[in-house]
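Here's the structure, in structure tokens; my notes come after.
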Amino acid sequence: MLNDAHCHFFSSPLFAALARQRTPAGSTSTDIRATADALCGELQWDAPGTPEMLADRWIVELDAHGVSRAALIASIPGDEDSVGTAVARHPERLIGFFMLDPAAADAAARVRRATGELGLRVVCLFPAMHRVPLDDERTREVVAAVAEQPGTAVFVHCGVLSVGVRRKLGLASRFDLRLGDPLGVARLAMEFPRLPFIIPHFGAGLFRETLMAADTCSNIHLDTSSSNGWMRYTPGLTLDAVLRTTLGVIGPSRLLFGTDSSFFPRGWQQAVHDEQRRAVEGLGLSGSDEALIFGGNFDRLFPPSKVGA
Ligand SMILES: [Zn+2]
């Protein structure tokens, strides 16, 4: 069994939103669509088509790599419907995550609709990007709205934040890195002890603080996703050492395998999986502990759908 806790759903609305940042104010929707298509061409990425088409492509991709289930993140605020469509189409395979800007006037209402009507499970906060601190009342209201719905969780991106697609397109990213603080996640996790929190990429550079937060709060989980390029900030740090240290602090039940896969034609990042599998295998864990990391913990947080059963 293999589940991926971190993939991005790069939908047409995401490219349209990026295109809007590249077209003059007052551009027509036709202009924006043309710019969005041109962006995909410039990136040498496949245009996503409709959410239905992209969802089906993901299923083919997961099948090709033997991945049972995956989290798909709507990766621009306001794109809940795209992932909602994907999840409704493949409820037994896909778990819906969505980026939310807590500064939006309708943030809490969006959470209720997404976790209710749309069946999405995880709100993704990017405090450095949206410049809303974790101890801001707007963040607390969003988390409280998530907690109303059982089976949900909160994902908080901490540490260094670099959005590959923005970088490639030369779009400015004025992120306030001070705000992505794992200790801020701990404060929220203490206030909502029954709500699972997920910190991706071992805290993306704030590894020690992430371990402190997770050691203090048993509802904080970590994901292993991406190539973890932040390791270069610490001399000599290796993935093996990161995994060994993490497991020594929190054990195997709160670590979620993920790749951070996003665009096509690259698709699911087999190489990230292979590197992480090799590193985990080198730790000499029991088969059952390894299975928790690569799928069991994901199934516990997001139980397989009973639809059609
Ligand atoms: Zn990601």
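The values are calculated or read from the model by the stated rules, or taken from the named source; none is laboratory data. Only a predicted model underlies this, so the values are computations on that prediction, with no experimental measurement involved. Cβ sites come from the backbone with ideal geometry, for glycine too, and all protein chains shown count toward neighbours. Just the protein is used for accessible areas: all its heavy atoms, side chains included, with ligands, DNA and RNA removed. Shrake-Rupley method; radii C 1.70, N 1.55, O 1.52, S 1.80 Å.
Before moving on, here are some points about what is shown:
- Within the range 59-80, the residues that satisfy the criterion of being assigned to a helix (DSSP H, G or I) and in contact with a Ser or Thr (Cβ under 9 Å, 6 or more places away or on another chain) are Glu61, Leu62.
- Qualifying residue in the range 161-179 (condition: part of a loop (DSSP other than H, G, I, E, B) and touching a strand residue (DSSP E or B) at 6+ places or on another chain (Cβ under 9 Å)): no
- Where a residue in the range 75-86 is within 9 Å of Phe98 (Cβ to Cβ) and its partner, wherever it lies, is of a type in the set (D, E, K, R), with Cβ under 6 Å and at least six apart: Pro77/Asp101
- Hey, Ala74 under 27 Å from Asp223 (Cβ atoms), open to solvent by less than 60 Å² (accessible area, probe 1.4 Å) and within 16 Å of the ligand (Cβ to nearest atom) or not: yes
- From Asp4, Asp46, residue being touching a residue at least 24 places away in the same chain (Cβ under 8 Å) and touching a Cys at 6+ places or on another chain (Cβ under 8 Å): Asp46
- In the range 254-284, residue nearest to the chain's Cα centre (by Cα) [restricted to those that are open to solvent by less than 50 Å² (accessible area, probe 1.4 Å) and away from the ligand (no atom under 16 Å from the Cβ)]: Leu255
- Considering residues of the range 91-109 that are closer than 15 Å to Cys7 by Cα and more than 12 Å from the chain's Cα centre (by Cα) only, the residue surrounded by the fewest Cβ atoms within 10 Å (Cβ to Cβ): Arg93
- Where Thr115 falls short, out of the listed (1) open to solvent by 10 Å² or more (accessible area, probe 1.4 Å); (2) away from the ligand (no atom under 16 Å from the Cβ): (1)
- Conditions (1) farther than 25 Å from Ser68 by Cα; (2) part of a loop (DSSP other than H, G, I, E, B); (3) open to solvent by less than 20 Å² (accessible area, probe 1.4 Å): number failed by Ser218: (3)
- Of the set (1) open to solvent by 60 Å² or more (accessible area, probe 1.4 Å); (2) within 16 Å of the ligand (Cβ to nearest atom); (3) part of a helix (DSSP H, G or I), all apply to Arg208 but (2).
- Output for the range 14-41, where each listed residue is over 19 Å from Gly78 (Cα atoms) and loosely packed, with under 13 Cβ neighbours inside 10 Å: Pro24, Ala25, Gly26, Thr28, Thr30, Gly41
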